[in-house]
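One structure is given here, and the rest of the page talks about it.
The values are calculated or read from the model by the stated rules, or taken from the named source; none is laboratory data. In this text, all values refer to a predicted model and were calculated from it rather than measured experimentally. Here Cβ is always computed from backbone atoms with ideal geometry, including for glycine, and neighbour counts include all displayed protein chains. For the accessible areas, the whole protein counts, side chains as well, though only heavy atoms, and no ligand, DNA or RNA atoms are used. Shrake-Rupley method; radii C 1.70, N 1.55, O 1.52, S 1.80 Å.
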Amino acid sequence: MLHYFDVAGRRIACRSRDGSSPTLVFFPGYASDMEGGKALALDAFAQRRGLSMLRFDYSGTGSSGGNFEDGTLSLWLEEALAAVDQLTQGPLVLVGSSMGGWIALHVALLRRERVQALVGIAAAPDFTDWGFPDHLKQRLAAGETLRRASPYGGEQVTTAAFWSSGQELRLLAREIAIDCPVRLVHGSGDEDVPLEVAFRTMAALRSSDVQLLVLKGGGHRLSEPHEIEAILRTVEDLLEPAP
């Protein structure tokens with residue numbers, strides 16, 4: 001059932017499922033929401049397994065209140081932390097898609113005592129850095145809002161505030177002090193988040209239990225049935241008790 005919670009006056013929409021521990025938490029990508037194919041597949045998986053699950057929409061997206069162009073990475077991270085603090089208990093398995101993978105990494109850093117494992121699906125940490133050529137960074141740094149055609153239809157909007165916030169939350173230039181198991185699932189044909197980013201993320205993570213699953217020919221969305229099945233198998237493997 002759709003319900004709402006408040007974060008500093010922002011009305012955030014979420015859907016939660018009661019069940020056993022650990023709780024699965026899904027973090028959507030940039031300009032995406034909790035009703036996408038991967039989120040729904042994970043929710044159905046949680047239902048089959050009798051697991052708790054939480055998914056939510058960042059402010060300005062999906063069913064949440066606010067304007068998208070007012071959003072920044074730090075605001076959405078604040079909402080993600082509020083979601084896990086207010087709406088979940090016990091150990092967590094974080095699953096983040098694209099930008100949601102970046103946010104999930106920060107949540108794992110800030111709530112490390114609760115995060116049991118993390119799955120990044122085409123995770124895009126630091127995309128405000130490697131994802132923009134210098135001439136566009138200069139325009140963003142000068143306060144301009146970029147409006148570009150999205151390869152998925154419609155317009156892709158990047159505000160100067162979002163870009164600046166992302167630059168302040170970069171992770172890949174230093175060790176990412178996460179020690180829990182991490183699984184990265186990435187398509188070899190991802191044109192939005194190059195496979196190199198997955199290798200950089202794997203190298204930066206402090207955990208000794210990090211695996212990268214590369215899906216041949218997979219694009220950025222990883223929403224084909226066999227790709228979603230690979231993601232769900234990855235999550236399920238993390239739920240199995242250690243031998």
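Among the residues of the stretch 93-114, those identified as under 14 Å from the mean Cα position of the chain (by Cα) and not in a helix (DSSP H, G or I) are Val93, Leu94, Val95, Gly96, Ser97, Ser98. In this structure, Ile228 qualifies as touching a helix residue (DSSP H, G or I) at 6+ places or on another chain (Cβ under 6 Å), modelled with pLDDT of 95 or more, assigned to a helix (DSSP H, G or I) and within 24 Å of Val115 (Cβ to Cβ).
May I ask you to say which residue of Leu136, Leu171, Leu140, Leu118 is without any contact (Cβ under 8 Å) to a residue 40 or more places away in the chain, crowded, with 17+ Cβ neighbours inside 10 Å, farther than 21 Å from Val7 by Cα and among the aliphatic types (A, V, I, L, M)? From the options Leu136, Leu171, Leu140, Leu118, the qualifying one is Leu140. Of everything listed in (1) over 26 Å from Gly60 (Cβ atoms); (2) open to solvent by 50 Å² or more (accessible area, probe 1.4 Å); (3) modelled with pLDDT of 95 or more, the single unmet condition for Gly187 is (2).
Quick grid of which residues meet (1) among the charged types (D, E, K, R); (2) within 20 Å of Gly219 (Cα to Cα); (3) modelled with pLDDT under 95:
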{"site": "Ala117", "(1), (2), (3)": "no, no, no"}
{"site": "Ala122", "(1), (2), (3)": "no, yes, no"}
{"site": "Asp129", "(1), (2), (3)": "yes, no, no"}
{"site": "Phe132", "(1), (2), (3)": "no, yes, no"}
{"site": "His135", "(1), (2), (3)": "no, no, no"}
{"site": "Arg139", "(1), (2), (3)": "yes, no, no"}
{"site": "Ser150", "(1), (2), (3)": "no, yes, yes"}
{"site": "Gly153", "(1), (2), (3)": "no, yes, yes"}
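Hey, does the stretch 13-29 have a residue that's assigned to a helix (DSSP H, G or I) and in contact with a Leu (Cβ under 6 Å, 6 or more places away or on another chain)? No, the conditions are met nowhere in the stretch 13-29. Residues to consider are Thr158, Thr145; find the one that is on the phi < 0 side of the Ramachandran plot and open to solvent by less than 10 Å² (accessible area, probe 1.4 Å). Thr158 is the lone residue from the list that is on the phi < 0 side of the Ramachandran plot and open to solvent by less than 10 Å² (accessible area, probe 1.4 Å). Could you list all residues from the stretch 121-133 that are open to solvent by 40 Å² or more (accessible area, probe 1.4 Å) and either closer than 30 Å to Val25 by Cα or assigned to a helix (DSSP H, G or I) (or both)? Of everything in the stretch 121-133, those that are open to solvent by 40 Å² or more (accessible area, probe 1.4 Å) and either closer than 30 Å to Val25 by Cα or assigned to a helix (DSSP H, G or I) (or both) turn out to be Asp129, Trp130.
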